[in-house]
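The values are calculated or read from the model by the stated rules, or taken from the named source; none is laboratory data. As the structure is a computational prediction, the values presented were derived from the model and not from experiment. Heads up, the Cβs are rebuilt from the backbone with ideal geometry, glycines too, and the neighbour counts pull from every protein chain shown. Heavy atoms of the whole protein, side chains included, go into the accessibility calculation; ligands, DNA and RNA do not. Shrake-Rupley method; radii C 1.70, N 1.55, O 1.52, S 1.80 Å.
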Amino acid sequence: MDKTISISLGGFSFIVDDRAFFKLKNYLDDIRRSLHGMEGTEDIISDVEIRIAELFKEKLGVREVVNEMDVDHIIGVMGKPEQYIDEDNEETPTSYSSSGSSYKQSGSGEKVKRKLYRDPNDKIIAGVLSGLAHYLGVETWVTRVLWIVLFFSDVFISGASLTIISYIVLWIILPKAETATQKYEMYGQAGDFETIKKNASQAATEMKGVARDASGTLGKIFHVLGKIILFFLGIMLICTGIGLIIGAIALLITSSAELPMQVFGYIVDYDWQDWGAKALMLILMIIPALLLIILGARLISNRIKVNKTFVWSSMALWFIALIAASILGVSLAKNFTRDIEFADKKSFSITQDTLVISFEEYKNVGKRKIKWGINDDMGGFVQFDGKLHRKIYDDVEIKTSPNDLVYVEIMNYSKGSNMDNARENAEMIQYNYTMNANGELVFDNYLSLPDNAKFRDQLVTLIVYVPKGKTIHSKNVDDLIFHDELENDRDYKDGTNKFYKFVDNQYICQNCVEDFSDDENIETHFDADSAGVSVSKDGVKIIDGKDKVIIEKNKINISDGTDSININISGN
């Protein structure tokens, strides 16, 4: 049975056997004697005891009693006082880098690899940049100024702030240097007796106010400058966070009012998806806003405490919301993977020589007519009378009718999760047009969807088949799209109060004036009795049925449909 003694060392209690106790006591007495006459002896002894206590805790593991072998291990790590007697006469320790890792020469000549920690004793936010400076072996102001430069470069170049994200990531993954062992590893020091003595001597010298060298003064200047820059950076982050909160509040308001956000309800399949999507958007906006405000406040004042539990839980909630929003977005995108188009065609017989085409500018509401418009900035959507309305293009495609009837073909287009679903969505399109007794074809400038319909990018295309003998009068049409069936071509022409007639296998404008920028020539078309006359910079065309007279620059062509005469007037 061995005799044990309970001791207190560095604020910790240990049970030591008697032989280990006397060996440890003698070691500490030797250290005290070697420090005789040196200022700050008690502080050095206290630091040595703290270091020995940490080494004991690492060495013991699950054991409870310190034995003589443990004390020998401590002495081997810390070193004996007499081996440092001539240290002042030896070469000063040097720092160098090898294979990408930083090392510092300790007093005993041992190479100690530096480890990356956050420095809690030299921090503005979390000590990430000061810890990185220790690891790289540079002054802390260097990494801070470099981070500020990278931050502003990142913002101006990419419009984002990857430097802030990387700082937060390092804040999370890097451990904080709390114990003496971790601090020695952070500085690349051995943590032996000589290191502790030198650190204490350096601290005492600084307390006396010994003159600093030029690098220390420069470091102070940059430290103050960095503080000023960080202050303005903190203001920017706080303003950004407040802006995000205002945006979130605006989202709440638009979600509850009759504003474009209600259109989102026509996209989702279920009500819970509507509210869930809005809740996820709030989370994705509010959490970054709060973290930016906290980070900005921390940059301004060190007194602001950051609750790590709140930061961790907020970031976890944000990533969960991001994943949920992505899943919801993918599920909604499936509703737009298939598309279909089908036609509804009707025929009309009109006695007038001119077919008038126009768009209705008024909406019938009961016995009243309301002139309205739909803003294209919101995709042409508006909610009105409990229905979703969508603006259509005021364009009409013109094709040649195979007989004397006028045909109106409405092409309904929609998307869906499958072909059957796409057709069901297209069949729900409600679109109206009328052919009045005066031979005027009036189209609505919008389509509508019933209450139970879902928005799946529904569209309508308007096609009118016109007999060749009819003149087209377009009143307020943006574009008339003429089809050349022989060349399979589409010709867009102005449809604002224009007259078009089918002449020589093409529709020719009867009241158009075109400005030729090259030689100021104009092109005009008009009717002379039953003949069509066209005058342009290329010449004159007179067409009356099969009879044609074409006068160009160097020749004249006369034809009656059977015979043709060509006259060359070039003089050759």
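If I take all pairs of Cα atoms in the stretch 340-509, what percentage of them are more than 25 Å from each other?
Values: 5223 of 14365 pairs.
Percent of Cα pairs beyond 25 Å in the stretch 340-509: 36.
Positive end of the dipole of the stretch 283-362 (Cβ unit charges, origin at the Cα centre): among Val306, Trp318, Val330, the Cα lying farthest that way belongs to Val306. Averaged over its residues, the stretch 340-509 has an accessible area of 52 Å² per residue, based on protein heavy atoms and a 1.4 Å probe.
With 0.36 nm allotted per residue and the present C-alpha distance subtracted, the Asn476-Asp491 stretch has 3.6 nm of extension available. Taking a sphere under 12 Å around the Cβ of Ala126 and counting the other residues whose Cβ falls inside, with K and R at +1 and D and E at -1, yields a net charge of +4.
The fraction of accessible area contributed by carbon and sulfur in the stretch 241-335 is 76 percent, rounded to a whole number (1.4 Å probe; ligands and nucleic acids excluded). Available extension along the chain between Met69 and Asp353 is 90.5 nm, counting 0.36 nm per residue and deducting the alpha carbon span.
Dipole magnitude for the stretch 4-78: computed about the Cα centre from +1 point charges on Lys and Arg Cβ and -1 point charges on Asp and Glu Cβ, it is near 160 debye. So for the stretch 241-335, considering every pair of alpha-carbon atoms, how many percent are separated by more than 24 Å? So the portion of pairs separated by more than 24 Å is 33 percent.
Here is the link list: Lys346/Lys387; Lys415/Lys475; Lys454/Lys498; Lys415/Lys470; Lys345/Lys415. Which ones come out longer than 29 Å on Cα distance? Don't skip to the end; give the middle numbers.
Details: Lys346/Lys387 26 Å; Lys415/Lys475 32 Å; Lys454/Lys498 38 Å; Lys415/Lys470 37 Å; Lys345/Lys415 21 Å.
Beyond 29 Å: Lys415/Lys475; Lys454/Lys498; Lys415/Lys470.
Per residue, the accessible area of the stretch 4-78 comes to 56 Å² when a 1.4 Å probe rolls over the protein heavy atoms.
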